[in-house]
Every structure is written in structure tokens, then in C-alpha cells.
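Inspection log for the structure reproduced underneath, given as C-alpha cells.
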Amino acid sequence: MLGKNGKIIAMDSDVSKLDKLKQKAKENDLKKRIQIIQSNNELVIPLDDESIDITLLYNVACCIHGKDNQEDLIELIRDIQRITKESSRLIINVKGKHIEKRMDNAIPEIQTYFKLEKKEIKKYFLENERVRYRFFYYLVKKE
């Protein structure tokens, strides 16, 4: 996916996750191609305007949990729109049907900034054979 010149910018507030990413990057000879940003759960991303080709929001539950957090999610989406290049993609991944419902409720407002192209549901099994679901929302930046 990265091609010869691609770069990954990873941003998270969880230092342990960032440390694991650094280790995996080193093991896979990708250390020079990954920029790591530790956030303090800010909703403003410290990157230049229109500098990103693809954004993956993975488990963005921090902005979706709770009754009043949809505003935080929209603020984050607005900033992602700022850093995303024209006609580029946003992929949002959430897990759990309760989070899916909150995302579905947010999609009309998200579509102010990005057009929803499709939604996919992926089913997976845990070691104890419990079924879990992941929901993927594929969006493209509106021009």
C-alpha cells in the first residue's frame, strides 16, 4: 500500500500502543517510513493542510462513546478534512454494534465533509468462540 515513497503517520494517546508500533516498524524495516505523534486526545491534528492521502480512524470510540460526544467526533472529522488531499479517502473502523449505531447516527453530519461510498461489516471470532463485529465506513473527501 505504501509504494516506494509512501509514509505512515500514526497518532495515538496510548504510549504503549505507539511503543508496539515502533517495535513492529523496526522489525519490518519500516522505521524510517513511520512518523509517530503522541497526542493528548486533542481533536486538532498537528499536520499541514491537504497533506494526507488516506486517513484510517481505527477504534475512534473516544469520540463516539457517551451521549454528548458526537460533537467531538465531528470536530475531529472537520480537522481530518483539513489535512486530507482533494478526493482522498477516510476509512473509519469501529467495533461493536452499540458503536455502529452511534456512527450511523453521525454519518449524515460526517457527509458534510466526506461522502460515504460504502459500509462493510466484518465478523470475527475470539478465542472463546464469541462472535465480534467490526464496521468499516469508506468515505471520500468532498470537493
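Quick note: the coordinates plus some simple rules give every number you see, no bench work behind them. These numbers come from a predicted model, not from an experiment. Note: ideal-geometry Cβ built from the backbone for every residue, glycine included; neighbour counts use all protein chains shown.
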(Q) If I build a Gaussian network model for the chain, linking alpha-carbon pairs within less than 10 angstrom, which residue out of Asn40, Asn28, Asn69 has the largest mean-square fluctuation? (A) Asn28
Q.
For Lys4, give me every one of the lysines with a C-alpha distance below 21 angstrom, ignoring sequence neighbours fewer than eight places off in its own chain.
A. Lys22, Lys24, Lys26, Lys31, Lys32, Lys85
Q) Around Arg132, with a cut-off of 13 angstrom between Cβ atoms, what is the net charge of the other residues, counting Lys and Arg +1 and Asp and Glu -1? A) +3
Q.
To the nearest 20 Debye, how big is the dipole of the chain about its Cα centre, given +1 on the beta carbon of each Lys and Arg and -1 on that of each Asp and Glu?
A. 700
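If you restrict to DSSP beta bridges whose two residues both lie in region 42-141, what percentage is antiparallel, to the nearest 5? The partial results should precede the final answer.
Values: 18 of 24 bridges.
Of those bridges, close to 75 percent are antiparallel.
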Q. Please state the relative contact order of region 42-141 as a whole percent: Cα pairs under 8 Å, 6+ residues apart?
A. 31
Q. So, in Å, what gap is there between the alpha-carbon centers of region 1-62 and region 93-138?
A. 21
Q: Name the most mobile residue of Ile74, Ile54, Ile34, meaning the one with the largest mean-square fluctuation, in a Gaussian network model of the chain with Cα contacts below 10 Å.
A: Ile34
Q. Rg and Dmax of the chain, using alpha carbons, in Å: what are they?
A. 15.7, 46
Q) Relative to the present Cα-Cα distance, how much length would full extension add between Lys20 and Lys4 at 0.36 nm per residue of separation? A) 3.4 nm
